[in-house]
Amino acid sequence: MKSLKKTISLILLAVAIPAAVIILFFVLGRERYDIASIAVALLSTAAFVLAFERNSANGRLVVLVAVMTALSVAGRFIFSPIAFFKPVTAIVIITAVYFGSESGYITGAFCALLSNFYFGQGPWTPFQMTVWGLIGLLSGLLSKYLKKNTAILALWGGVAGVIFSMVMDVWTTLWAEEGFNLARYFTNVSFSLPIMAIYAASNIIFLLLLAKPIGKKLERIKTKYGIITN
Amino acid sequence: MEILGVKNLKFAYPNEKKQALNGIDLSVEEGEILLVCGSSGSGKTTLLRLLKKELAPCGELQGEITLFGNAEKKADVFDIGFVMQNPHSQIVTDKVWHELAFALENMGLDKNTIRLRTGEMASFLGISSWFEKKTSELSGGQLQILNLASVMAMQPRILLLDEPVSQLDPIAAREFLNAVMRLNREMGTTVIMTEHRLEDAFVLADRVAVMQDGMIKCVGAPREVSERIIAEADEEMFASLPAAARIFSMTGGKGKCPLNVREGRAYLKERFSDRAGAKLNSKENEKTGDKLIRLKDLRFRYLKNSEDIIKDLSLDIYSGDNLCILGANGVGKSTLLKLICSRIKPYMGSVKHKKGLSFALLPQQAEMVFLKDSLIEDLKLTCLENGLGKEDAENKIDGLKQIFRLEGLLDRHPYDLSGGETQRAALAKLMICRPDVMLLDEPTKGIDPAGKRELAALVENMRYDGMTVVTVTHDIEYAASYSSRCAMLFNGEIISSGEPRSFFGGNSFYTTAANRISRGLFDNAISCGDVAKLCGF
Amino acid sequence: MQRFSAFHPLASFLYFVSALCVTMFSRNIVIAALSLAGAMLFYAVLGLRGGIWLYFIIFILTALSNPLFSHNGVTVLFFLNGNQITLEAVIYGVYLGMMIMAVLMWFSCYNDVITSDKFLCLFGSVMPKAALIISMALRLVPSFISEGKEMLEIHSALLPSGKSAIKRIKRYAAVFSCLITRSLEGAAERSDSMRARGYGKGKRVSYSRFRFKASDAIMIAVSLLWIVFMFFFGGAMEFNYYPEADPLKFNAAYIIAAAYFILPSLINLWGELKWRYLASRI
């Protein structure tokens, strides 16, 4: 039963996503990158979440992921007096580094979903979920290097801020018209450049300030509860 | 029929030499309420947790636990319910109805059964009116009732309660205990409960077990146990006994020990009617200093369109006061403290401080004042930030260590300390900047009688050093015993104030148990000691 | 009387999904206009306010910016900095603005109708673990916020010195790190409480209070039929803007689309009228 469900989610991941793209491109016969991108975002998120469902992970891990997700959203409110400083990406990265890529993906994706319960869901929700999820996933995969050196970790935080902003710009561009208009994309990027810079800087600052103390706490919790991560 | 039996149970935590439990023998009958009492660290919680296999701590276990009359059969998780101390940290989901359904979802019941059981439980425990609410909007008392309801929805045969009311105010605590009593009387659920406030818990217990140093000292009906405690002059436990029993003992009573106000009154009438009319004079006004703080006609609200929390409140605070502001939960006590130290500003009225006055506020959750991972680091940092040099800092910390009894605690993480320890450490930290006025927010919450005595001594110490102390609390007994002046906050205004003897002597409901026992016979007796004195002891 | 909100989450969710799909898939300016009208009407009927100005600004920006980027089309209106501004690009810009504004407004209505309970009911049966995480997080966020704010208050009072931005950020970070410690400690007790109530024993089901009624089935059937019609029979999805915009022609599918877009408003208004009638007879 369990392996069957796991297979299903893998099939979703491996077959359905490209299939959806192919269908949209060829059957409808139009260059609908916008629709294709929504489909890809939704399907990949679903696949990851289903895979997480099927892992019979420790009940404690469920609580910890919920706590980290809630913390990152609460952080958006707590830090609201300091404009643009949001600890979300930093928390996703730290969670991923200590609890593995799967928890990283889930925390990232759920952060986006949950904060949109407060700030409003929109067509951007699936993209934010995917991008933050992927940042978590990558941080988990890179955890060996990130754990070793705080400077690299902070740098990665900056890069993650840039990735987030640039990918969201890709999406706004796709949504605006058929095809991908490079001029429009660069205009969008240039418009979001200052915010991107602040995001990247705030990620770096947060990781420098928080990575060590939080890491210590998470490490302690991990050994205390015997949570095994991939 | 025996539903639970414990035979020669021994338990030690890993890396600790001392046995946490040292040969416990206990038998619990089906349908009874057993109260387990004892001072902090006597092993109550350990015993209770060992009875629930899912929560059993790691460590070395010897002896035998028999459930439902059968040693072989392992109890199902749903047969034993467990409610813990902290109301907030047990709630899992975001909605009340969902929390009620949580255990039932784990049981894998079908939708209609869950609908029925949550509905039944909600109406039995009076949750219906807040059934749809978010759990984050509930008060502590409501949360604890919800925790109870959520556990009872599994229909367990045994209910374990670990100090369930220690974090609640007296009214919410009574409501919770009433709910437990109804569950027991009407559903026949067996209840095992730990608690150190015995005044209320004695009323509902069928039997009481007293624990000390990991052993059960005595078991019996509440009256028997009280008589035992009195006979053995066990000081630790004596302080937790109901006021009637304490008066009985202090006046050298013989025979049947009274346990509640009614029995206490009957006892006093019978033995000391010849002394009727005796009175204690109000303490002559303690020498109060000059006026430090003057609050005049304050009005305050948090949001533009919320209701006023503070309404036309006026209050003067004098230098050297030990002022207790009493009031139930939600009347704006914490708000008043923040107004006093100008952390928030009223939209009408004025707050006048004597020039250069400095404040420190001990929050309800005392551990919130710490930022560092160990107590010593935190204290050192605070010293440096207050401009002390390295050497001065060490001397200062040494001094504080003595006064606040922090030996052996300095290297610990502030969150690993017990309730009383956290409070002492937090007070020590606040003392570093030497405030003129110390504000304490509900400092007796979750603190046992010994801890309260200690707190009172520390407060006296601060006053001796020339500080003024303002406490907000719902703990009437604490205010009556230790304050120099009391004020009562109701519905956003101060409705009466005065020195404790005349203050409580004038109230008829909102007063100490000793005063209610002696009312009509004696005047102005507010503590058990007062009553004993008037009886000629 | 918000009758539309009383539908089973699945029915109202499918309504929004179908309306959004057609709005986004169709390149037809008439469909976009109808969808926008329907969304605005429902927005008003739900009594929502805020944000409408933002949507207008987005509309105007999108409509204006398109001719600047896109120079396709044959009907040249004028030249700007040597670039031709065409009528087709202007029309396409207006279409795009309406489509985006319609989507945003449908989402505003969605946020009002599909509350977090309903969302969890929808996904709880498929993804129980994920739904539990979200439910727990929703419970934790408000308490973390209030705890965080209280701790900030305490520590600003303890250390009134830090006015500079760096000091402030440092203090915020220290408090936040402390909040994390507290919440991780709390997590231990919370998972104890979960295990004490049988979490992780056997198969967990996901309970929701919502009942599935006959009217929900009808609503779902209507949504499904409508979306099939729009995609495969109505012929109203296609519209060419370049090189020359199609002329506007009447199509029966427009009526069906319009009817569907105003359906939730009608349901709510009908409920309102019925309630007033009943109330007048009490």
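The values are calculated or read from the model by the stated rules, or taken from the named source; none is laboratory data. Note that the coordinates shown come from a computational prediction; the quantities given were computed from them, not determined experimentally. Don't worry about glycine lacking a Cβ; one is built from the backbone with ideal geometry, like all the others, and counts go over all protein chains shown.
Would a scan of the range A:174-191 turn up a residue that is away from chain C (no Cβ under 13 Å), crowded, with 21+ Cβ neighbours inside 10 Å and under 20 Å from A:Ala112 (Cβ atoms)? Checking the range A:174-191: not a single residue is away from chain C (no Cβ under 13 Å), crowded, with 21+ Cβ neighbours inside 10 Å and under 20 Å from A:Ala112 (Cβ atoms). Residues in the range B:330-373 that are of a type in the set (S, T, N, Q) and part of a helix (DSSP H, G or I) were compared, and the one that is nearest to the other protein chains (Cβ to nearest Cβ) is B:Ser334. Scan the range C:208-223 and give yes if some residue there is among the hydroxyl-bearing types (Ser, Thr, Tyr), within 14 Å of chain B (Cβ to nearest Cβ) and within 24 Å of A:Leu64 (Cβ to Cβ), otherwise no. No. Scanning the range B:505-529 for residues that are in contact with a Phe, Trp or Tyr (Cβ under 8 Å, 6 or more places away or on another chain) and in a helix (DSSP H, G or I) gives a single hit, B:Asn515. Checked against the criterion of being more than 27 Å from B:Ser240 (Cα to Cα) and charged (D, E, K, R), the candidates B:Glu29, B:Glu105 yield just one match: B:Glu105. Here B:Lys380 meets the list (1) in contact with a helix residue (DSSP H, G or I) (Cβ under 7 Å, 6 or more places away or on another chain); (2) of a type outside the set (A, V, I, L, M); (3) in contact (Cβ under 8 Å) with a residue 24 or more places away in the chain almost entirely, failing just condition (3).
Checked against the criterion of being in contact with a helix residue (DSSP H, G or I) (Cβ under 9 Å, 6 or more places away or on another chain), at pLDDT 95 or above and either over 21 Å from C:Lys118 (Cα atoms) or of a type outside the set (Phe, Trp, Tyr) (or both), the candidates B:Leu109, B:Leu138, B:Leu146 yield just one match: B:Leu146. From the list A:Ile106, A:Ile93, the one residue that fits, being at the interface with another protein chain (Cβ under 8 Å from one of its Cβ atoms), within 11 Å of the chain's Cα centre (by Cα) and part of a helix (DSSP H, G or I), is A:Ile106. In the set (1) modelled with pLDDT under 90; (2) part of a strand (DSSP E or B); (3) among the β-branched types (Val, Ile, Thr), B:Ile325 fails one condition alone, (1).
Per-residue answers, yes or no, for (1) more than 7 Å from chain B (Cβ to nearest Cβ); (2) over 23 Å from B:Cys433 (Cβ atoms); (3) assigned to a loop (DSSP other than H, G, I, E, B); (4) touching a helix residue (DSSP H, G or I) at 6+ places or on another chain (Cβ under 8 Å):
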{"site": "C:Leu184", "(1), (2), (3), (4)": "yes, yes, no, yes"}
{"site": "C:Glu189", "(1), (2), (3), (4)": "no, yes, no, yes"}
{"site": "C:Tyr199", "(1), (2), (3), (4)": "no, yes, yes, yes"}
{"site": "C:Val205", "(1), (2), (3), (4)": "no, yes, yes, yes"}
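When each of A:Phe84, A:Phe117, A:Phe180 is tested for being farther than 16 Å from A:Asn203 by Cα, among the aromatic types (Phe, Trp, Tyr) and not in a helix (DSSP H, G or I), the lone residue that passes is A:Phe180. Of the residues making up the range A:58-80, just one is within 8 Å of another protein chain (Cβ to nearest Cβ) and not in a helix (DSSP H, G or I), namely A:Phe79. Against the condition of a type in the set (Val, Ile, Thr), touching a residue at least 24 places away in the same chain (Cβ under 8 Å) and either closer than 22 Å to A:Phe84 by Cα or surrounded by 14 or more Cβ atoms within 10 Å (Cβ to Cβ) (or both), how does C:Val141 come out, does it pass? No.
Considering the conditions (1) within 14 Å of chain A (Cβ to nearest Cβ); (2) over 28 Å from C:Asn251 (Cα atoms); (3) assigned to a helix (DSSP H, G or I), C:Leu48 is excluded by exactly one of them, (3). Is it the case that the range B:212-224 has a residue that's assigned to a helix (DSSP H, G or I), out of contact with any Pro (no Cβ under 8 Å at 6 or more places or on another chain) and surrounded by 18 or more Cβ atoms within 10 Å (Cβ to Cβ)? Checking the range B:212-224: at least one residue is assigned to a helix (DSSP H, G or I), out of contact with any Pro (no Cβ under 8 Å at 6 or more places or on another chain) and surrounded by 18 or more Cβ atoms within 10 Å (Cβ to Cβ).
Conditions (1) of a type in the set (Asp, Glu); (2) surrounded by 20 or more Cβ atoms within 10 Å (Cβ to Cβ); (3) within 10 Å of another protein chain (Cβ to nearest Cβ); (4) in contact (Cβ under 8 Å) with a residue 12 or more places away in the chain, marked per residue:
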{"residue": "B:Gln19", "(1), (2), (3), (4)": "no, no, no, yes"}
{"residue": "B:Ile24", "(1), (2), (3), (4)": "no, yes, no, yes"}
{"residue": "B:Glu32", "(1), (2), (3), (4)": "yes, no, no, yes"}
{"residue": "B:Ala56", "(1), (2), (3), (4)": "no, no, no, no"}
{"residue": "B:Gln62", "(1), (2), (3), (4)": "no, no, no, yes"}
{"residue": "B:Val77", "(1), (2), (3), (4)": "no, yes, yes, yes"}
{"residue": "B:Gln90", "(1), (2), (3), (4)": "no, yes, yes, yes"}
{"residue": "B:Glu99", "(1), (2), (3), (4)": "yes, yes, yes, yes"}
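Within the range C:116-133, the set of residues being within 9 Å of another protein chain (Cβ to nearest Cβ) and assigned to a loop (DSSP other than H, G, I, E, B) comprises C:Val126, C:Met127. Contact annotation: residue pairs with Cβ atoms under 6 Å, 6 or more positions apart or on different chains, pairing a residue in the range C:101-114 that is within 7 Å of another protein chain (Cβ to nearest Cβ) with a partner that is surrounded by 22 or more Cβ atoms within 10 Å (Cβ to Cβ) and part of a helix (DSSP H, G or I), are C:Val103/C:Thr23. A:Ala160 meets the conditions (1) at pLDDT 90 or above; (2) within 14 Å of chain C (Cβ to nearest Cβ); (3) over 29 Å from C:Val17 (Cβ atoms) in every case but one. The failed one is (2).
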